Amino acid sequence: MNLLDTLFRQEYGRFSALLIRQFNDFDLAEDALQDSYTDALATWPIRGIPQNPAGWLLQIARNKAIDRLRKQKRQIQLGPQHDALISNESEIQDIEAIPDERLRLILTCCHPAINLESQVALTLRMVGGMQTPEIARAFLVPEPTMAQRIVRAKKKIREAGIPFALPEESWFDNRLNAVLVVIYLIFNEGYSASSGDGPIRETLCDEAISLARSLVELVDERCPSSLYGLLALMLISDARRSARVDAKGDIVLLDDQDRGLWNWEQIEEAMPFVDRSLSNGPDSFGIQAAISALHSQRSSTLTDWNQIVALYGVLNHLSPSPVIELNQAVALGMAKGFDVGLARIESLAENELLEGYSPFFAARADFRFKTGNVVGACEDYEQALKLSGNEAERRFFARRLSDCVE
């Protein structure tokens with residue numbers, strides 16, 4: 001990915017939040033940002049990269065938004081605190097001096113008047129900068145369905161006059177769940193990229209962790225156990241980043257990773273958050289963090305698979321999901337034997353939500369291979385290969401398929 005693409009993806013959430021704060025128009029912000037990207041794509045190769053590329057992009061986006069409003073003969077009303085920072089005549093010099101409005105944007109997108117699925121989809125689009133196909137894959141739904149959710153959410157905000165503002169304390173009760181799901185899905189798309197060349201999008205992982213840290217600071221002493229659990233889960237998972245791919249960019253499975261490459265300081269930082277997340281009883285994010293912590297021993301031989309099976313059982317009780325059941329089946333196979341795990345995986349085969357889920361076929365292929373069903377393993381790896389949109393993941397499935405054939 002070149003500098004422009006990297007920078008645009010990295011700053012998309014900040015820039016869209018700022019533009020929405022100024023113009024109070026989601027579509028206008030998106031269109032203006034796309035215009036700035038198009039201009040950069042056309043001019044940077046000819047004139048060179050600006051000295052302040054992020055400031056250039058934001059300035060052009062703001063100018064494009066104003067131009068669009070003028071063409072529509074609409075009155076321009078800018079927030080005074082930002083108008084002083086960004087003038088129409090001068091280029092932005094200090095991008096860091098501009099307030100970060102992303103949390104305000106998340107809370108606006110997560111207004112209770114919008115249904116939860118649309119809240120999450122809109123925030124992933126506007127804050128995470130994820131494209132509609134990516135979000136659709138994250139939710140395991142068709143792309144047109146996801147596109148409609150995003151359109152409906154924007155329409156609801158516009159028609160209901162939902163303000164771009166930090167809500168009163170009541171937001172803590174009626175918006176927190178959606179906010180945490182949003183942050184988790186942003187991280188999950190970064191940790192296991194659904195498309196592209198590599199399996200990891202570091203920018204999304206970093207952004208999700210940064211948003212969670214900011215949210216912890218925002219709610220301060222009112223911080224709920226679920227937020228601590230989410231932060232712990234992301235910190236532990238992200239700590240393995242350097243070991244998850246080899247020098248060629250190919251995926252390295254957990255048991256094969258060089259644990260010396262893990263960020264142990266980050267894992268140690270997360271452990272107190274795991275304890276805090278479970279202090280008031282089981283919570284879905286806290287349970288996932290505990291599972292991740294059990295996987296994060298200095299040696300893979302120390303992994304307590306029986307406890308992981310039990311924790312997945314609790315997690316499925318709290319948040320029933322075929323994906324959780326699949327993960328529990330894999331853990332069961334590691335704890336009780338591959339035949340036992342395969343039987344549990346096979347019991348999930350008729351679930352419609354797993355029909356387009358490549359990890360299901362990859363897991364079943366692995367257990368079929370280990371139990372001697374090479375033909376079945378090949379069929380499943382072929383299906384996983386067809387369903388995957390990530391190039392590194394496709395290479396991994398292709399290698400496994402090759403091993404089956406040999």
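Values computed for the structure shown
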{"read-out": "Where a residue in region 382-403 is among the small types (Gly, Ala, Ser) and its partner, wherever it lies, is in a helix (DSSP H, G or I), with Cβ under 6 Å and at least six apart", "value": "Ala384/Ser358; Ala384/Phe361; Ala384/Ala362; Ala384/Phe397; Ser388/Ser358; Ser388/Arg394"}
{"read-out": "Of the criteria (1) under 30 Å from the mean Cα position of the chain (by Cα); (2) surrounded by 15 or more Cβ atoms within 10 Å (Cβ to Cβ); (3) modelled with pLDDT of 95 or more, which one Arg368 fails", "value": "(1)"}
{"read-out": "Search result, residues across region 376-390 that are touching a Lys or Arg at 6+ places or on another chain (Cβ under 8 Å) and either buried (at least 24 other Cβ atoms within 10 Å of the Cβ) or of a type outside the set (Ser, Thr, Tyr) (or both)", "value": "Gly376, Ala377, Asp380, Tyr381, Leu385, Gly389"}
{"read-out": "Residue count, region 344-381 (criterion: of a type in the set (Asp, Glu) and touching a residue at least 24 places away in the same chain (Cβ under 8 Å))", "value": "1"}
{"read-out": "Test: Leu18 is under 23 Å from Arg125 (Cβ atoms), in contact with a Ser or Thr (Cβ under 7 Å, 6 or more places away or on another chain) and crowded, with 17+ Cβ neighbours inside 10 Å", "value": "no"}
{"read-out": "Residues located in region 300-359, provided they are acidic (Asp, Glu) and within 22 Å of Phe139 (Cβ to Cβ)", "value": "Glu325, Glu350, Glu352, Glu355"}
{"read-out": "Filter result for Leu353 (touching a Pro at 6+ places or on another chain (Cβ under 6 Å), at pLDDT below 95, in a helix (DSSP H, G or I) and on the phi < 0 side of the Ramachandran plot)", "value": "yes"}
{"read-out": "Subset of region 186-230 [of a type in the set (S, T, N, Q), within 21 Å of Glu143 (Cα to Cα) and modelled with pLDDT of 75 or more]", "value": "Asn188"}
{"read-out": "Among the residues listed as Ser210, Ser214, Ser237, the single one being surrounded by fewer than 17 Cβ atoms within 10 Å (Cβ to Cβ), closer than 24 Å to Gly129 by Cα and either in contact with a strand residue (DSSP E or B) (Cβ under 6 Å, 6 or more places away or on another chain) or in contact (Cβ under 8 Å) with a residue 40 or more places away in the chain (or both)", "value": "Ser214"}
{"read-out": "Selection status of Leu231, over 30 Å from Phe397 (Cβ atoms) and buried (at least 19 other Cβ atoms within 10 Å of the Cβ)", "value": "yes"}
{"read-out": "Members of region 250-304 found to be farther than 17 Å from Ser226 by Cα, touching a residue at least 12 places away in the same chain (Cβ under 8 Å) and either among the hydrophobic types (A, V, I, L, M, F, W, C) or in contact with a Gly (Cβ under 7 Å, 6 or more places away or on another chain) (or both), listed by number", "value": "Ile251, Leu254, Leu261, Trp262, Trp264, Ile267, Leu294"}
{"read-out": "Residue in region 296-309 that is surrounded by 19 or more Cβ atoms within 10 Å (Cβ to Cβ) and modelled with pLDDT under 95 present", "value": "yes"}
{"read-out": "Set Leu235, Leu254: member being among the aliphatic types (A, V, I, L, M), at negative phi, modelled with pLDDT of 85 or more and within 17 Å of the chain's Cα centre (by Cα)", "value": "Leu235"}
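The values are calculated or read from the model by the stated rules, or taken from the named source; none is laboratory data. Bear in mind the structure is a predicted one, so any value in this text is a computation, not a measurement. Cβ coordinates were reconstructed from backbone atoms using ideal geometry, including for glycine residues, and neighbour counts include every protein chain displayed.
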